[in-house]
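So the structure is just underneath, and the comments pick up after that.
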Amino acid sequence: MTRLHSRPARSPVWHPFTQHATAPDPIVIARTEAARLITADGRGLIDAISSWWVVTHGHRHPAIMAAIREATESLDQVIFAGFTHDPAEALAHDLIAIAPPGLAHVFYSDSGSTAVEVALKMALGTTANRRARHRTRILALEHAYHGDTVGTMSVGARGVFTSAYEPLLFEVGRIPFPVPGTAAVDQALAALEAECRSERVAALIVEPLILGAGGMLMWEAHVLAEMARICRSHGVLLIADEVMTGFGRTGTLFACEQAGITPDILCLAKGLTGGALPLAATLATSEVFAAHYTEDRSKTFFHSSSYTANPIACAAARANLRIWREEPVRQRIAALAKAQSDRLAQVAGRDDRFAAPRCLGTITALDLPVVDAGYLSALGPGIYRHAIDNGVLLRPLGNTLYVLPPYCISESELDQVYQVIAGVPEAVAAGVR
């Protein structure tokens, strides 16, 4: 077997979501190309998870790389308080043009977590500035994940990700996850209605149609539409966290489109630059902006990131949006969605050791029934290594396997991905760890 782990053994780097006491040495990547990561010794790995869900069109798309190079000829970082620049201004207009109708203002930050933190602060600032300070309660779906900063952990599900930090987290109202075709749908809507009727709620935050890190749990567009209606009828703001779902992952540009709704606040990151550079945007309606627009400086929206609206990242994002306008991206997504669905059906249909196969747009997922289900399932690390050894990057959520590839992935690459998945039950039976 080719050696992939050639990093110095005493590297000082502390890696994310990594238990260094048990994890193998990180794999050194020397180059990226289309749907592949190329290791330092020349081996290719199919990036079946888009490098943590960020790469949309493929690694190093020429148009995005060219835009980055061009931007560096005139700008690096510019303070964004009291100043602006063309890449940020043009990108904001581009985003408003493609966003659900009614979103009118763009606030930049630098990651999905910060986009959500911004949204939560916007919501609470809106209620406070409207003299509705009794509205301080945030609602979130059961099993949700919205990031790793304090506010985003608070609105995410409590568990292994958050237990050490409980003293820092604020209380939120939990809405039951609306499992399709079950009584949980009615229970979720009833719980939301009851919470909103209390007149203490500022906002509901949801991951539209699919909960990512919570286990790729899928829910239905008509439920999202009804949740939006309930929130609107009670003056509760709706925050759509489309950090993962945005830019085509669910089959449409934004997941909210499938419900025919416009949230009050929309969070974007990951695919915003096509996966090339970190950038996030939180879009808001005119009403949310107006709540902070006054000669009273105490009602300013007090938030910033040092690298807010980095010009080079904004240039990359503009190039990404040009790709959406000028290339047949939607056709690629439709073709990929069908290819994914077909292969998932083949694998799950011939092996009853898989459970709950599910598909939404370009995303597929299935589970391996085990006693220790969940993120810390003992199967996770072994499945990861099994996939790597066979030329594929999968990063299972414990006993949940999912495929979320770049839109440029080829039919043969998808075949290899699903061949690896098909071999997982045998690898597990052989004692992979």
Item to check | Scan of segment 67-101 for residues that are farther than 17 Å from G246 by Cα, part of a loop (DSSP other than H, G, I, E, B) and of a type outside the set (S, T, N, Q), ordered by number | outcome: E73, L75, D76, V78, I79, F80, A81, G82, F83, H85
Checklist entry - List the pairs whose first member sits in segment 274-300 and is more than 28 Å from A316 (Cβ to Cβ) and among the small types (G, A, S), whose second member is part of a loop (DSSP other than H, G, I, E, B) and open to solvent by 70 Å² or more (accessible area, probe 1.4 Å), and whose Cβ atoms are under 6 Å apart, counting only residues at least 6 apart or on separate chains? => result A291/R130
Next on the checklist: Looking only at segment 197-226, filter to residues that are among the hydrophobic types (A, V, I, L, M, F, W, C) and at positive phi; which one of those is surrounded by the fewest Cβ atoms within 10 Å (Cβ to Cβ)?
Outcome noted: M216
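Hey, among the residues in segment 346-367 that are in a helix (DSSP H, G or I) and either touching a strand residue (DSSP E or B) at 6+ places or on another chain (Cβ under 7 Å) or in contact (Cβ under 8 Å) with a residue 40 or more places away in the chain (or both), which one's surrounded by the fewest Cβ atoms within 10 Å (Cβ to Cβ)? Spell out the reasoning first.
Keep residues of segment 346-367 that are in a helix (DSSP H, G or I), which gives 346-349.
Subset that is either touching a strand residue (DSSP E or B) at 6+ places or on another chain (Cβ under 7 Å) or in contact (Cβ under 8 Å) with a residue 40 or more places away in the chain (or both): 346-348.
Values: Q346: 12, V347: 21, A348: 20.
Ranking the candidates gives Q346 first.
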Checklist outcome for this item: When segment 257-275 is checked residue by residue, the ones that are of a type outside the set (V, I, T), open to solvent by 10 Å² or more (accessible area, probe 1.4 Å) and assigned to a loop (DSSP other than H, G, I, E, B) are G260, D264, G275
Checklist entry - Just a yes or no: is a residue in segment 59-67 closer than 30 Å to T162 by Cα and surrounded by fewer than 18 Cβ atoms within 10 Å (Cβ to Cβ)? => result no
Checklist entry - For I27, are the conditions met, namely being assigned to a loop (DSSP other than H, G, I, E, B), over 23 Å from the mean Cα position of the chain (by Cα), closer than 30 Å to Y418 by Cβ and not hydroxyl-bearing (S, T, Y)? => result yes
Next on the checklist: Suppose we filter A228, A240 for residues that are small (G, A, S), without any contact (Cβ under 8 Å) to a residue 40 or more places away in the chain, in contact with a strand residue (DSSP E or B) (Cβ under 6 Å, 6 or more places away or on another chain) and in a helix (DSSP H, G or I); which single one remains?
Outcome noted: A228
Checklist outcome for this item: Selection from segment 367-420 of residues among the basic types (K, R) and under 23 Å from the mean Cα position of the chain (by Cα) yields R395
Checklist entry - Going through segment 277-308 one residue at a time, which ones are touching a Lys or Arg at 6+ places or on another chain (Cβ under 8 Å) and within 30 Å of S50 (Cβ to Cβ)? => result H303
Checklist entry - Within segment 327-384, can you find the residues that are charged (D, E, K, R) and either at pLDDT 95 or above or in contact with a helix residue (DSSP H, G or I) (Cβ under 7 Å, 6 or more places away or on another chain) (or both)? => result E327, R330, R332, K338, D342, R343, D351, R353, R358, D367
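Given the options A240, A184, A194, name the one that is of a type in the set (A, V, I, L, M, F, W, C) and open to solvent by 30 Å² or more (accessible area, probe 1.4 Å). Break it down stepwise before answering.
Details: A240 fails: open to solvent by 30 Å² or more (accessible area, probe 1.4 Å); A184 fails: open to solvent by 30 Å² or more (accessible area, probe 1.4 Å).
From the options A240, A184, A194, the qualifying one is A194.
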Checklist entry - Would you pick out the residues in segment 48-66 that are among the aliphatic types (A, V, I, L, M) and assigned to a loop (DSSP other than H, G, I, E, B)? => result A48, I49, V54, V55
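The values are calculated or read from the model by the stated rules, or taken from the named source; none is laboratory data. Computed from a predicted structure; not experimentally measured. A quick note on method: Cβ atoms are made from the backbone with ideal geometry, for glycine too, and the neighbour counts reach across all protein chains shown. These accessible areas exclude ligands, DNA and RNA; they are computed on the full protein's heavy atoms, side chains included. Shrake-Rupley method; radii C 1.70, N 1.55, O 1.52, S 1.80 Å.
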